[in-house]
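These notes are about the structure you will find just below.
The values are calculated or read from the model by the stated rules, or taken from the named source; none is laboratory data. What you see is a predicted model; the values in this text were computed from it and never measured. FYI the Cβ positions are ideal-geometry reconstructions off the backbone, even for glycines, and counts take in every protein chain you see. Calculation scope for accessible area: heavy atoms of the full protein, side chains included, ligands and nucleic acids excluded. Shrake-Rupley method; radii C 1.70, N 1.55, O 1.52, S 1.80 Å.
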Amino acid sequence: MWSSCEAYTFHAGGNNGWVLNPSESYSHWAERNRFQVNDTIVFKYKRGSDSVLLVDKDDYYKCNKDKPILKLKHGESKFKIEGSGPFYFISGHEYNCEKGQKLLIVVLSPNHKAHKAHIAESPSSDDESIGPVSPAPAPAKSGAAGLIGGPSGLYWGFISLIIAAYFCILV
(Lines give C-alpha, C1' and ligand atoms only; values in the text may rest on other atoms or scores of the structure.)
Protein backbone atom coordinates (compact mmCIF):
# COMPACT_ATOMS: atom_id res chain seq x y z
CA MET A 1 0.00 0.00 0.00
CA TRP A 2 1.18 3.52 -0.85
CA SER A 3 2.16 5.72 2.09
CA SER A 4 3.52 9.25 2.39
CA CYS A 5 3.76 9.21 6.17
CA GLU A 6 7.54 9.32 6.27
CA ALA A 7 9.34 12.51 7.20
CA TYR A 8 11.33 14.16 4.43
CA THR A 9 14.22 16.61 4.36
CA PHE A 10 13.82 19.58 2.03
CA HIS A 11 16.57 21.97 1.03
CA ALA A 12 15.15 25.50 0.91
CA GLY A 13 15.57 26.77 -2.62
CA GLY A 14 16.60 23.39 -3.99
CA ASN A 15 20.18 22.98 -5.22
CA ASN A 16 20.98 26.70 -4.93
CA GLY A 17 20.45 26.80 -1.18
CA TRP A 18 19.40 29.91 0.75
CA VAL A 19 20.59 32.59 -1.70
CA LEU A 20 19.36 35.93 -2.94
CA ASN A 21 18.63 34.90 -6.54
CA PRO A 22 17.88 31.17 -6.75
CA SER A 23 17.19 29.59 -10.14
CA GLU A 24 13.61 28.93 -8.96
CA SER A 25 11.72 31.47 -6.84
CA TYR A 26 11.11 30.50 -3.23
CA SER A 27 7.34 30.84 -3.67
CA HIS A 28 7.37 28.47 -6.68
CA TRP A 29 9.63 26.02 -4.82
CA ALA A 30 7.25 26.02 -1.83
CA GLU A 31 4.18 25.58 -4.06
CA ARG A 32 5.53 22.45 -5.73
CA ASN A 33 6.46 20.78 -2.42
CA ARG A 34 4.11 19.39 0.20
CA PHE A 35 5.24 19.88 3.78
CA GLN A 36 4.05 17.68 6.61
CA VAL A 37 4.61 17.51 10.34
CA ASN A 38 8.03 15.92 11.13
CA ASP A 39 9.60 17.06 7.84
CA THR A 40 12.82 19.08 8.07
CA ILE A 41 13.84 22.11 6.02
CA VAL A 42 17.58 22.71 5.59
CA PHE A 43 18.72 26.27 4.91
CA LYS A 44 22.22 26.10 3.41
CA TYR A 45 24.30 29.30 3.19
CA LYS A 46 27.80 30.46 4.00
CA ARG A 47 28.16 31.02 7.74
CA GLY A 48 28.50 34.71 8.56
CA SER A 49 27.17 35.87 5.19
CA ASP A 50 23.46 35.40 5.92
CA SER A 51 20.96 33.97 8.39
CA VAL A 52 17.36 32.77 8.43
CA LEU A 53 14.74 34.37 10.62
CA LEU A 54 11.44 32.73 11.50
CA VAL A 55 9.01 35.63 11.87
CA ASP A 56 5.30 36.26 12.21
CA LYS A 57 3.06 37.11 9.25
CA ASP A 58 3.25 40.88 9.68
CA ASP A 59 7.06 40.89 9.93
CA TYR A 60 7.26 38.62 6.87
CA TYR A 61 5.38 41.09 4.68
CA LYS A 62 7.23 44.10 6.12
CA CYS A 63 10.65 42.34 6.08
CA ASN A 64 11.05 43.34 9.72
CA LYS A 65 14.11 41.67 11.23
CA ASP A 66 13.86 43.30 14.68
CA LYS A 67 11.97 40.62 16.62
CA PRO A 68 12.35 37.15 15.09
CA ILE A 69 10.72 34.17 16.73
CA LEU A 70 13.82 32.13 15.89
CA LYS A 71 17.20 33.00 14.38
CA LEU A 72 19.19 30.40 12.45
CA LYS A 73 22.73 31.54 11.72
CA HIS A 74 25.23 28.68 11.55
CA GLY A 75 25.27 28.06 7.79
CA GLU A 76 23.43 24.77 7.46
CA SER A 77 20.48 25.34 9.72
CA LYS A 78 17.80 22.71 10.12
CA PHE A 79 14.20 23.48 11.01
CA LYS A 80 12.06 20.50 12.01
CA ILE A 81 8.34 21.00 11.49
CA GLU A 82 6.34 19.85 14.47
CA GLY A 83 3.11 21.71 13.85
CA SER A 84 0.65 22.69 11.19
CA GLY A 85 -0.05 26.10 9.74
CA PRO A 86 1.98 28.71 7.90
CA PHE A 87 5.63 29.33 8.70
CA TYR A 88 7.32 32.55 7.58
CA PHE A 89 11.08 32.74 6.93
CA ILE A 90 13.09 35.78 5.83
CA SER A 91 16.76 36.46 5.21
CA GLY A 92 18.57 38.13 8.08
CA HIS A 93 20.99 39.83 5.67
CA GLU A 94 20.42 43.54 5.16
CA TYR A 95 17.96 44.18 2.26
CA ASN A 96 17.84 40.55 1.01
CA CYS A 97 14.28 40.07 2.22
CA GLU A 98 13.20 43.23 0.42
CA LYS A 99 14.81 41.79 -2.73
CA GLY A 100 12.78 38.57 -2.45
CA GLN A 101 14.76 36.23 -0.20
CA LYS A 102 11.88 35.01 1.89
CA LEU A 103 9.92 31.79 2.14
CA LEU A 104 6.37 30.96 3.21
CA ILE A 105 5.42 27.33 3.72
CA VAL A 106 2.05 25.95 4.74
CA VAL A 107 1.93 22.70 6.69
CA LEU A 108 -1.22 20.66 7.19
CA SER A 109 -1.28 17.69 9.50
CA PRO A 110 -3.76 14.80 9.22
CA ASN A 111 -5.40 15.71 12.53
CA HIS A 112 -4.94 19.49 12.08
CA LYS A 113 -3.69 19.93 15.65
CA ALA A 114 -1.09 22.65 16.15
CA HIS A 115 2.10 21.62 17.94
CA LYS A 116 5.35 23.30 18.74
CA ALA A 117 8.15 23.51 16.18
CA HIS A 118 11.86 23.62 16.84
CA ILE A 119 15.16 23.43 15.04
CA ALA A 120 17.01 20.17 14.79
CA GLU A 121 20.30 21.23 16.27
CA SER A 122 23.59 20.39 14.64
CA PRO A 123 26.68 19.81 16.80
CA SER A 124 28.04 23.33 16.23
CA SER A 125 24.70 25.11 16.47
CA ASP A 126 24.68 28.61 17.90
CA ASP A 127 21.22 29.50 16.64
CA GLU A 128 19.10 31.60 18.89
CA SER A 129 15.53 30.87 19.85
CA ILE A 130 13.12 32.93 21.86
CA GLY A 131 11.06 30.26 23.59
CA PRO A 132 8.94 27.57 21.93
CA VAL A 133 7.92 28.20 18.34
CA SER A 134 4.28 27.88 17.35
CA PRO A 135 2.93 28.07 13.84
CA ALA A 136 1.75 31.50 12.82
CA PRO A 137 -1.99 32.08 12.36
CA ALA A 138 -3.36 30.99 9.01
CA PRO A 139 -3.49 33.69 6.34
CA ALA A 140 -6.85 35.30 5.61
CA LYS A 141 -8.88 33.60 2.87
CA SER A 142 -8.36 36.48 0.48
CA GLY A 143 -4.57 36.31 0.81
CA ALA A 144 -4.12 32.55 0.87
CA ALA A 145 -5.01 31.93 -2.76
CA GLY A 146 -2.46 34.42 -4.01
CA LEU A 147 0.24 32.94 -1.80
CA ILE A 148 -0.25 29.36 -2.87
CA GLY A 149 -0.56 29.66 -6.64
CA GLY A 150 -4.05 31.04 -7.03
CA PRO A 151 -7.38 29.29 -6.45
CA SER A 152 -6.52 26.20 -8.51
CA GLY A 153 -3.11 25.74 -6.83
CA LEU A 154 -4.70 26.05 -3.41
CA TYR A 155 -7.47 23.61 -4.35
CA TRP A 156 -5.17 20.91 -5.76
CA GLY A 157 -2.65 21.34 -2.98
CA PHE A 158 -5.39 20.89 -0.40
CA ILE A 159 -6.81 17.83 -2.19
CA SER A 160 -3.30 16.29 -2.33
CA LEU A 161 -2.88 16.78 1.41
CA ILE A 162 -6.28 15.25 2.18
CA ILE A 163 -5.43 12.17 0.09
CA ALA A 164 -2.02 11.84 1.77
CA ALA A 165 -3.62 12.19 5.21
CA TYR A 166 -6.20 9.53 4.34
CA PHE A 167 -3.52 7.02 3.36
CA CYS A 168 -1.45 7.86 6.46
CA ILE A 169 -4.42 7.06 8.68
CA LEU A 170 -4.92 3.70 6.94
CA VAL A 171 -1.28 2.64 7.38
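Some observations on this one:
- Simple label model, 7 Å out from Cα along Cβ direction - LYS46 to TYR61, nm: 3.5
- Beta bridges by DSSP in segment 16-93, antiparallel share as percent, to the nearest 5: 90
- Carbon/sulfur fraction of accessible area - segment 42-98, other protein chains in place, 1.4 Å, %: 45
- Accessible surface area normalised per residue over segment 19-100 is 46 Å², counting heavy atoms of protein chains with a 1.4 Å rolling probe.
- Taking 0.36 nm per residue of separation and subtracting the current Cα-Cα distance, fully stretching the chain between THR9 and SER27 would add 4.7 nm.
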